[in-house]
Amino acid sequence: MIKIPEQIYQRLIEYAENGAPEEVCGLIGGTKADGAKEAREIYFLENAAHSAARFSMNPAEQFAAIRDMREKGISPIACFHSHPKSEAKPSAEDLRLAYDEEICYLIISLKTKPVIKAFRITDKIASDEDITVL
Ligand SMILES: [Zn+2]
């Protein structure tokens, strides 16, 4: 389960809307306690692919974000990207490129009404994770 403050939830949707038609991406830093993750800080990273159908986080920005989290005493709990024209479900490419079983993959879909869904991806198989908006 991942807890997301309302303000962060809204900022993610606005960022995805402003970045469309390209996919946007980034990381979320936060805390983990009793199996629940809580989002604290968003890191908006360049989609180095500049594509409407896939994303690739700018590696230098990703590295800087992780370093900033360490300094703030939080850790990477989720990564996010948008699907400007498709459902909030991991694509085959998303499953193939998933790199961390511990973090939560957030997908912001703008296909109809903007919505964010969360997944865990293990061995290229996605399972739903609950989101609680605080
Ligand atoms: Zn995707």
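The values are calculated or read from the model by the stated rules, or taken from the named source; none is laboratory data. Since we're looking at a predicted model, the values are computed, not measured. All Cβ positions, glycine included, derive from the backbone under ideal geometry; neighbour counts span all protein chains shown. With ligands, DNA and RNA removed, areas are computed over all heavy atoms of the protein, side chains included. Shrake-Rupley method; radii C 1.70, N 1.55, O 1.52, S 1.80 Å.
The local environment of residue 55, defined by Cβ-Cβ distances under 11 Å, has a net charge of -4 under the rule Lys, Arg +1 and Asp, Glu -1. Amide H contacts under 5 Å for residue 82: 24, 108, restricted to partners 5 or more places along the chain or on a different chain, H placed in the peptide plane at 1.01 Å from N.
Look at the alpha carbon pairs under 8 Å that are at least 6 residues apart: their mean separation over the length of the chain gives a relative contact order of 27 percent.
Summing charges over all other residues whose Cβ lies under 9 Å from the Cβ of residue 119, with Lys and Arg as +1 and Asp and Glu as -1, gives 0. Put 69, 1, 57 in order of accessible area, highest first, and with a 1.4 Å probe you get 1, 57, 69.
Kirkwood hydrodynamic radius computed over the chain comes to 14.6 Å, based on all pairs of distinct alpha carbons. Restricting the GluC sites (Glu not before Pro) of the stretch 78-120 to loop positions (DSSP other than H, G, I, E, B) with no more than 16 neighbouring Cβ atoms within 10 Å leaves 87, 101, 102.
Report, to the nearest whole %, how much of the accessible area of the stretch 26-84 belongs to carbon and sulfur atoms, 1.4 Å probe, protein only.
Its accessible area is 50 percent carbon and sulfur atoms.
Using alpha-carbon pairs under 8 Å, 6+ residues apart, how would you state the relative contact order of the stretch 11-62 in percent? Contact order relative to length: 33 percent.
When the C-alpha to C-alpha distance is required to be over 21 Å, the pairs from 72/117; 37/72; 85/113; 32/111 that qualify are 72/117; 32/111. Note on the stretch 1-33 and the stretch 82-101: Cα centroid distance 15 Å, given to the nearest whole angstrom.
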